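Visitor: Below is one structure. I have some questions about it.
The values are calculated or read from the model by the stated rules, or taken from the named source; none is laboratory data. This is a predicted model, so every value here is computed, not measured. Here the Cβ positions follow ideal geometry from the backbone for every residue, glycine too, while neighbour counts run over all protein chains shown.
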Amino acid sequence: MLRAENVSFSVHGKEILNGISLDVEASEIVSILGPNGAGKSTLLKCLAGFQPTSQGSISINGADVKKLSGAELAGLRAVLTQQVSIGFPISAREVVALGRAAKRNAIGDSDKIIDHAMALTGTTEFADRSLSTLSGGEQQRLHLARVIAQIWDQESAVLFLDEPTSALDLKHQFQLFDVCRNLCEQRNFSVVAILHDLKLAKEMTDKALLLKSGQTFASGKSREILTSESVCPLYEITSAQFELI
Ligand code: ADP
Ligand code: MG
């Protein structure tokens with residue numbers, strides 16, 4: 001369970017987030033939407049404890065993220081960032097194995113977890129290929145496998161995903177939400193995903209937080225809130241344009 005209260009973040013005197021609050025219950029999938037530069041990735045980094053906030057509090061399963069060590073955080077949440085670059089030769093399976101690096105002393109069998117995460121994301125077939133030879137979508141699925149492997153043996157963990165479907169074909173977009181839903185139902189995971197696809201957000205996520213210029217524009221149940229009344233002013237599009245989505 002994730003709780004953020006009144007989170008603000010400024011850098012060099014520039015306010016990037018202002019007074020954001022968010023509650024994500026166990027087993028919930030929450031989407032964050034908003035225009036480019038709204039502060040979505042910054043908020044995700046703050047929520048995940050990657051970036052200290054200027055104000056406000058964030059807790060995961062009751063623990064203040066500010067007070068947790070990197071290793072403790074790694075056991076509570078995993079983060080798929082927008083861009084991941086690994087600047088040395090590495091195989092696909094080794095990328096997923098990186099997700100287990102924080103769990104060297106774990107009781108669970110990391111080899112089995114890596115295989116399982118790869119099967120779930122449809123990446124087994126290129127396990128031995130070099131990362132650099134994979135397509136953008138294949139790499140994205142591989143990094144999803146890596147973050148799933150990281151928290152596979154946890155209960156009630158939080159999965160943070162920054163635009164996880166940006167390079168995926170339709171089949172794999174649905175597969176991603178299937179995997180997330182199963183983790184929520186079977187493990188009490190929570191998922192926080194930044195999305196651009198309004199239809200996917202509306203159908204596949206329970207709640208949505210709409211951000212504009214670093215502030216909460218609206219929030220609520222995805223099906224209720226992702227309508228033309230909120231989406232048009234959020235993205236500054238017309239209702240005719242909304243109909244084309
Ligand atoms: P989004 O993910 O919604 O597209 P970001 O959270 O990446 O937006 O960024 C929000 C705004 O904050 C952008 O205008 C970005 O340029 C700015 N920003 C983010 N981090 C920094 C930083 N470290 N220094 C200066 N500006 C930043
Ligand atoms: Mg972003």
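Visitor: Can you go through 21, 8, 59, 41 and tell me which one is in a helix (DSSP H, G or I) and either more than 8 Å from ligand 1 (Cβ to nearest atom) or in contact with a strand residue (DSSP E or B) (Cβ under 6 Å, 6 or more places away or on another chain) (or both)?
Guide: 41
Visitor: OK, next. Determine, yes or no, whether residue 21 is of a type in the set (S, T, N, Q), within 18 Å of the chain's Cα centre (by Cα) and surrounded by 18 or more Cβ atoms within 10 Å (Cβ to Cβ).
Guide: Spelling it out, it is not the case that residue 21 is of a type in the set (S, T, N, Q), within 18 Å of the chain's Cα centre (by Cα) and surrounded by 18 or more Cβ atoms within 10 Å (Cβ to Cβ).
Visitor: Give me the residue from region 62-75 that is in contact with a strand residue (DSSP E or B) (Cβ under 9 Å, 6 or more places away or on another chain) and in contact (Cβ under 8 Å) with a residue 12 or more places away in the chain and, out of that set, surrounded by the fewest Cβ atoms within 10 Å (Cβ to Cβ).
Guide: Looking at the filtered set, the residue picked out is 62.
Visitor: Out of all the residues in region 24-38, which are at positive phi and within 13 Å of ligand 1 (Cβ to nearest atom)?
Guide: Residues satisfying the conditions are 34, 37.
Visitor: Determine, yes or no, whether residue 55 is surrounded by fewer than 17 Cβ atoms within 10 Å (Cβ to Cβ) and within 16 Å of ligand 2 (Cβ to nearest atom).
Guide: no
Visitor: Hey, another quick one. Tell me which strands (runs of 3 or more DSSP E) are completely within region 113-212 and hold 3 or more residues being at pLDDT 95 or above, within 16 Å of ligand 2 (Cβ to nearest atom) and out of contact with any Cys (no Cβ under 9 Å at 6 or more places or on another chain), or say none if there are none.
Guide: 207-212
Visitor: Suppose we filter 120, 159, 144 for residues that are farther than 27 Å from residue 23 by Cα and either in contact (Cβ under 8 Å) with a residue 24 or more places away in the chain or of a type outside the set (A, V, I, L, M, F, W, C) (or both); which single one remains?
Guide: Matching residue, one of 120, 159, 144: 120.
Visitor: Since residue 73 meets every condition but one in (1) assigned to a helix (DSSP H, G or I); (2) under 19 Å from residue 136 (Cβ atoms); (3) not polar (S, T, N, Q), which condition does it not meet?
Guide: (2)
Visitor: What pairs come up if the first residue lies in region 184-197 and is free of Cβ contacts under 8 Å to residues at least 60 places away in the same chain, the second is within 16 Å of ligand 1 (Cβ to nearest atom), and their beta carbons are under 8 Å apart, counting only those six or more places apart or on different chains?
Guide: 197/165
Visitor: Now, a different point. For residues that are within 25 Å of residue 206 (Cβ to Cβ) and of a type in the set (Gly, Ala, Ser), scanning just region 58-86, find the one that is nearest to ligand 2 (Cβ to nearest atom).
Guide: This residue is 78.
Visitor: Restricting region 184-200 to residues that are within 17 Å of residue 117 (Cβ to Cβ) and in contact with a strand residue (DSSP E or B) (Cβ under 7 Å, 6 or more places away or on another chain), which is surrounded by the fewest Cβ atoms within 10 Å (Cβ to Cβ)?
Guide: 184
Visitor: Just give me the residues in region 219-229 being outside any loop (DSSP other than H, G, I, E, B), surrounded by 18 or more Cβ atoms within 10 Å (Cβ to Cβ) and not β-branched (Val, Ile, Thr), in sequence order.
Guide: Correct list: 219, 222.
Visitor: Does any residue in region 21-50 that is in contact (Cβ under 8 Å) with a residue 12 or more places away in the chain and more than 20 Å from residue 74 (Cα to Cα) come within less than 6 Å, Cβ to Cβ, of a residue that is part of a helix (DSSP H, G or I) and within 13 Å of ligand 2 (Cβ to nearest atom) six or more places away or on a different chain, and which pairs are these?
Guide: That search, which allows pairs on different chains as well, returns 32/40; 34/40.
Visitor: Only residues that are among the hydrophobic types (A, V, I, L, M, F, W, C) and in contact (Cβ under 8 Å) with a residue 12 or more places away in the chain: list them for region 76-92, please.
Guide: Listed by number, the residues that qualify are 76, 78, 79, 80, 84, 86, 90, 92.
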